[in-house]
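The values are calculated or read from the model by the stated rules, or taken from the named source; none is laboratory data. Keep in mind that this is a model prediction, so the values were computed, not measured. Virtual Cβ from ideal backbone geometry, glycine too; neighbours counted across all protein chains shown. Only protein heavy atoms, including side chains, enter the accessible area calculation; ligands, DNA and RNA are left aside. Shrake-Rupley method; radii C 1.70, N 1.55, O 1.52, S 1.80 Å.
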Amino acid sequence: LHRWARAMGTGALLTPATQRARLMPNPYSVGGGRAYLFAMTDSNGWLGHEGSTPGYNTELEYLPKLKATIVVLVNTDIGDQMNVSPALTIFSALATAIAPHNIP
């Protein structure tokens, strides 16, 4: 799973031109260290995507500068009081510990 996450972030399965295009942010989504790219986000350097379906929640992120991958799989989709997903909450705590200069 982490190899797939790394391939998603590095574009290992894509041509260089496709990866460059994929990493171009939507200009209307840029702000506060975050941007929406093509089918993934850039959250202060972390490239990834969240998934949710009734009863489950995931977060898959890759930080290129550290070549670090975090994959969180949770068997609930119930968020906290602010409706933040459980996988995002766990990912944020792990990312803060691993890369305090790239807090998502």
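Of note:
- The residues neighbouring Leu73, those whose beta-carbon lies less than 15 Å from its own, together hold a net charge of -4 under the Lys/Arg +1, Asp/Glu -1 convention.
- Working ranking of peptides 44-57, 68-81, 15-28 by packing, defined as the average number of other Cβ atoms within 10 Å per residue, highest first, is 44-57, 68-81, 15-28.
- Remark: segment 23-33, residue by residue, has Karplus-estimated 3J(HN,Hα) of 8, 7, x, 5, x, 7, 10, 7, x, x, x Hz, where x stands for each Gly or Pro and the curve is 6.51 cos²θ - 1.76 cosθ + 1.60 at θ = phi - 60°.
- Hz values of 3J(HN,Hα) by residue in segment 59-76 - Karplus curve (6.51, -1.76, 1.60), Gly and Pro given as x: 9, 10, 9, 9, 10, x, 5, 10, 6, 9, 10, 10, 10, 10, 10, 10, 9, 7
- Averaged over its residues, the chain has an accessible area of 63 Å² per residue, based on protein heavy atoms and a 1.4 Å probe.
- Qualifying trypsin sites (Lys or Arg not before Pro) for segment 23-104 [loop in DSSP, other Cβ within 10 Å: at most 15]: Lys65, Lys67
- Here's how it looks for Met40: its modeled amide H is under 5 Å from none belonging to a residue 5 or more places away or on a different chain.
- At full extension, Lys65 and Leu23 could sit 13.6 nm farther apart than now, given 0.36 nm per residue minus the alpha carbon distance.
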